[in-house]
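To start, the structure under review is shown below, and the notes come after it.
The values are calculated or read from the model by the stated rules, or taken from the named source; none is laboratory data. These numbers come from a predicted model, not from an experiment. Cβ placement follows ideal geometry from the backbone for every residue including glycine, while neighbour counts extend to all protein chains displayed. For the accessible areas, the whole protein counts, side chains as well, though only heavy atoms, and no ligand, DNA or RNA atoms are used. Shrake-Rupley method; radii C 1.70, N 1.55, O 1.52, S 1.80 Å.
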Amino acid sequence: MKKILLLVFIVLSGRGYSQEKDQLKVNVHPGVELFTIVQILADKYPQPNPSAYSKEALAYFGKYKDHPAVKKVATFEQTYTDLVELGWCMSDFPNIKIYEPAELSWYKNYGKENVLEYIKLCRDFFNDTHFWDFYQQHAARYTQWGNTLKASVDSAGLVQKLQGFYKYNADVHWWICIDPLNSWGSHAITTKTVNPQFADWIVYNTGYFARNADPQKDPHFEFTNFDNLVFHEGSHIYLNGLEKQYEKQIDELAYLFNKDDDGMKRNSISNWRYCFDENVVRSVTAALYHKYREPRAYKKQIAKELLSDFIYVEELEPFIYERYLKSNKYKSFADFFPEIIAYLKQKHSVADKMALK
């Protein structure tokens, strides 16, 4: 499975940025922007799409191509675009504090000492280039871009639809990082690994993808595919407590783990609990597509899950849709959840599984 994720954002004050617990934040994260600029200067990141902002950023920071942080990342053999998530190891801007994760996937790529040295050199870059001055000069524009996208997310009522499905409270906060120099794509950031102080935020990083845009205009961030993000990543939070509560019953179904399927290996799903969680989350997402999206989008969602070897979605989605979404029998999804376990146990007995082998 791709790294889970989230939606995350930064609200500026005159002395730094706030961690005020709004449900949804949308803005430019200073750490992500910092690491993006360093990688661009090192030619270790795709060039940004044309905009007035990218022109200003490259003009301001272009003279720092020989900075030690730039030279450091230039030594990394294969440098990935989502390495900029290391910006989340930083907090308390502009007086940066660095969190050093005990374990991080990037350590396997570049070595722990190299990664930690790189983070510290990027802090030096922040100070040496007066990055915070540049960031504050553009704060009003960051806020404007974020508010425009936030209005689109809010108007779709996605968070409300998710809450209406589960019918119980969960501490879910969304932070969308709009990344104006990112021309390549979007990804979720696992904050609980990168920096646990942000673990209760679902963080999602997304870029500006207009390749033939007017270089005299500011970037515009589009509202695309956020329903999948909200329904999928939000469901992980809602289901976490239920899966702990019914841990024993879920473990009794471990014989259902399709560990030899390519999709499980490709998504690094190595145990049944992980597999069960993903199948339920994806089934819920598909059920919400069934209710709120057009039939074609719903069918494509189901097909995508089956192609990825989440083989229980095909039967769990209609079960959830018919028995829960279209029924008034259950006060909340928490009341319905044991029925999912019972359904899988009844439909796939140990004897049946052994016979297939």
For this session: Would you tally the residues in segment 146-169 being at positive phi and open to solvent by less than 10 Å² (accessible area, probe 1.4 Å)?
Result: 0
For this session: For residues that are in a helix (DSSP H, G or I) and out of contact with any Lys or Arg (no Cβ under 7 Å at 6 or more places or on another chain), scanning just segment 323-335, find the one that is least open to solvent (accessible area, probe 1.4 Å).
Result: Tyr324
Problem set entry | Selection within segment 170-184 - open to solvent by less than 40 Å² (accessible area, probe 1.4 Å) and in a loop (DSSP other than H, G, I, E, B) | Ala170, Val172, Pro180, Leu181, Asn182, Ser183
Seminar exercise, completed: Of the residues in segment 88-106 that are more than 16 Å from Val28 (Cα to Cα) and aromatic (Phe, Trp, Tyr), the one that is modelled with the highest pLDDT is Tyr99
Seminar exercise, completed: Taking segment 81-97 and keeping residues crowded, with 16+ Cβ neighbours inside 10 Å and not in a helix (DSSP H, G or I) leaves Met90, Ser91, Phe93, Pro94, Ile96
Exercise. Which residues, counting only those in segment 220-264, are at pLDDT 90 or above, of a type outside the set (A, V, I, L, M) and either open to solvent by 80 Å² or more (accessible area, probe 1.4 Å) or not in a helix (DSSP H, G or I) (or both)?
Worked result: Lys244, Gln245, Tyr246, Lys248, Glu252, Phe257, Asn258, Lys259, Asp260, Asp261, Asp262
For this session: Return yes or no: is Ser283 more than 25 Å from the chain's Cα centre (by Cα), among the small types (Gly, Ala, Ser) and under 14 Å from Phe165 (Cβ atoms)?
Result: no
Exercise. What number of residues within segment 98-125 are within 22 Å of Cys177 (Cβ to Cβ), part of a loop (DSSP other than H, G, I, E, B) and open to solvent by 40 Å² or more (accessible area, probe 1.4 Å)?
Worked result: 2
Exercise. Do we have Ile320 as open to solvent by less than 80 Å² (accessible area, probe 1.4 Å) and not in a helix (DSSP H, G or I) here?
Worked result: no
Exercise. Of all residues in segment 47-80, which are among the small types (Gly, Ala, Ser) and either without any contact (Cβ under 8 Å) to a residue 12 or more places away in the chain or closer than 11 Å to Ile37 by Cα (or both)?
Worked result: Ser54, Ala57, Ala59, Gly62, Ala69
Exercise. What pairs can you find where one residue is in segment 327-343 and farther than 18 Å from Tyr312 by Cα and modelled with pLDDT of 95 or more, the other is among the aliphatic types (A, V, I, L, M) and surrounded by 15 or more Cβ atoms within 10 Å (Cβ to Cβ), and their Cβ atoms are less than 7 Å apart, with a gap of 6+ or different chains?
Worked result: Ala334/Leu242
Seminar exercise, completed: Of the residues in segment 107-127, those that are of a type in the set (Lys, Arg) and either under 14 Å from Pro30 (Cβ atoms) or touching a Lys or Arg at 6+ places or on another chain (Cβ under 8 Å) (or both) come to Arg123
Exercise. Where residues in segment 304-317 are farther than 13 Å from Leu344 by Cβ and assigned to a loop (DSSP other than H, G, I, E, B), which of them is least open to solvent (accessible area, probe 1.4 Å)?
Worked result: Phe310
For this session: Read through the list (1) in a loop (DSSP other than H, G, I, E, B); (2) open to solvent by 40 Å² or more (accessible area, probe 1.4 Å); (3) not small (Gly, Ala, Ser), then give the number of the only condition that Thr143 fails.
Result: (1)
Exercise. Quick one: how many residues across segment 200-219 are in contact with a Cys (Cβ under 9 Å, 6 or more places away or on another chain) and surrounded by fewer than 21 Cβ atoms within 10 Å (Cβ to Cβ)?
Worked result: 0
Problem set entry | Residues satisfying the stated conditions in segment 17-76, i.e. part of a loop (DSSP other than H, G, I, E, B) and either in contact with a Leu (Cβ under 7 Å, 6 or more places away or on another chain) or among the polar types (S, T, N, Q) (or both) | Gln19, Gln23, Gln47, Pro48, Asn49, Ser51, Lys65, Thr75
